[in-house]
1. Could you name the lysines whose alpha carbon sits less than 19 Å from that of Lys347, not counting residues in the same chain fewer than 8 places away?
2. Pairwise over distinct Cα atoms, reciprocal of the mean inverse distance: report the Kirkwood radius of the chain in Å, one decimal place.
3. Need one value: the accessible area of Ile22 in square angstrom, 1.4 angstrom probe, rounded to the nearest 10.
4. In units of 2.2 N^0.38 Å, what is the alpha-carbon radius of gyration of region 15-75?
5. I need the GluC sites (Glu not before Pro) found in region 19-79, filtered to DSSP loop residues with at most 12 other beta carbons within 10 Å of theirs.
6. Hey, which of these cross-link pairs are over 21 Å Cα-Cα: Lys185/Lys340; Lys255/Lys340; Lys121/Lys331; Lys241/Lys340; Lys91/Lys121; Lys91/Lys329?
7. With +1 on the Cβ of every Lys and Arg and -1 on the Cβ of every Asp and Glu, and nothing else charged, how large is the dipole of region 1-156 about its Cα centre, in debye rounded to the nearest 20?
8. Count neighbours as other Cβ atoms within 10 Å of each site's Cβ, and list the trypsin sites (Lys or Arg not before Pro) in region 40-124 that are DSSP loop with at most 15 such neighbours.
Amino acid sequence: VRSFNIRRCQEKMTKDTLVSVIIANWNGIQYLEKCLSSVRHQTHPAIETIVVDNGSCDGSIEFIENNFPEIRIIKNRKNLGFTGANNIGIKASNGAYIATLNNDTVAEPDWIKNLIQSAIKRKNAGMFASKILSYGKVNLIESVGMSIYPDGLARCRGYLKENKERYNQEEEVLLPSACAALYRKEPLMAAGLFDEDYFAYSEDTDLGLRIRMLGFSCVYVPDARVYHYYSGTARFDLLRKVYLAERNRLWTIIKTFPISQLILSPLYTLMRYFFYIYAAILQINPAREFCKKGSAIKILFILSKVYVSTMLHLTGLIKKRLEIMRNKKVKNKEIIGWIKKYRIGLKEVAVYPGQAEDREDPFT
């Protein structure tokens, strides 16, 4: 009887901690062997892996079928973006937890185990951020959670900083990067999953804020390490990427920011634009690189397109806002408190940290 009870307890534990790892793929065959092998060798005993393929034509599906037969593949006829692919995978999953993982990553064997251990301890947390390091330059951080500028632009916390003791403490952060994140499925579903209108970029900021508005926090787990080829499979040209990031930022604040913060946001956006111009004049990245690839006329066209698109979608955005505000469990004062607590400064938005340290700092 004791043996039976232990087995029943173990089965319940396994079911309660089943993690569905969702990997969106679009023509990423060059990354799949390392990524999927790292998931296959996870030490957590209860994992199902779902690859949602966005109409790849590079042999990705055949590669997975031949080399990773245990993996479930969902085949989309066309590219539904990061948001659409992940939502399909989440809806098809069986886990009590959902782990989103980019296909251009390699996870350490204890990645899932360490995230789950934190989740068991932190009952009020609905999201868990990994320590994401640069593949090939493991001393450089890509993300240890996300920070936010007051106009809704999110940036990776710790981006391009050295992997030092400062980032080795488990602590609450604003939200995770969906590049490698763990979500409790229940609040994830309650929040409405990723907004598929976003397609890609800033979708994790929008989702993370909506989950927090339901009363769940986010915890950064430093022992949950993942290595990422930055923008390895992001094949948008630079202007397309800027368009999506800026448009989705604007959509996010319309949907989630309190009115007082929403009214102030254009001022912060103007300050950010002026800093980009200032950084470009001083030849500081990323503004320098951007100016090499896009003329001022193209940039103005992209910004115009962002605001035109937003006006065309304004009715739908307002409907989404009303639903979010109707379901939220926190007060506006608390939301404003997050923006202040996890705020990123203009300097960090306008320049790469490494660039600012390589030369005399013009911003101080």
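The values are calculated or read from the model by the stated rules, or taken from the named source; none is laboratory data. All values derive from a computational prediction rather than experimental measurement. Virtual Cβ from ideal backbone geometry, glycine too; neighbours counted across all protein chains shown. With ligands, DNA and RNA removed, areas are computed over all heavy atoms of the protein, side chains included. Shrake-Rupley method; radii C 1.70, N 1.55, O 1.52, S 1.80 Å.
1. Lys347 reaches Lys161.
2. 21.3
3. Ignoring ligands and nucleic acids, Ile22 comes out at about 0 Å².
4. Details: Rg = 11.6 Å, N = 61, 2.2 N^0.38 = 10.5 Å.
Rg over 2.2 N^0.38 Å, computed on Cα atoms: 1.10.
5. Loop-located and lightly packed - Glu70.
6. Values: Lys185/Lys340 28 Å; Lys255/Lys340 18 Å; Lys121/Lys331 26 Å; Lys241/Lys340 27 Å; Lys91/Lys121 26 Å; Lys91/Lys329 24 Å.
Correct reply: Lys185/Lys340; Lys121/Lys331; Lys241/Lys340; Lys91/Lys121; Lys91/Lys329.
7. 760
8. Values: sites: Arg40, Arg72, Lys75, Arg77, Lys78, Lys91, Lys113, Lys121, Arg122, Lys123; in loops: Arg77, Lys78, Arg122, Lys123.
When the trypsin sites (Lys or Arg not before Pro) of region 40-124 are filtered for loop state and at most 15 Cβ neighbours within 10 Å, Arg77, Lys78, Lys123 remain.
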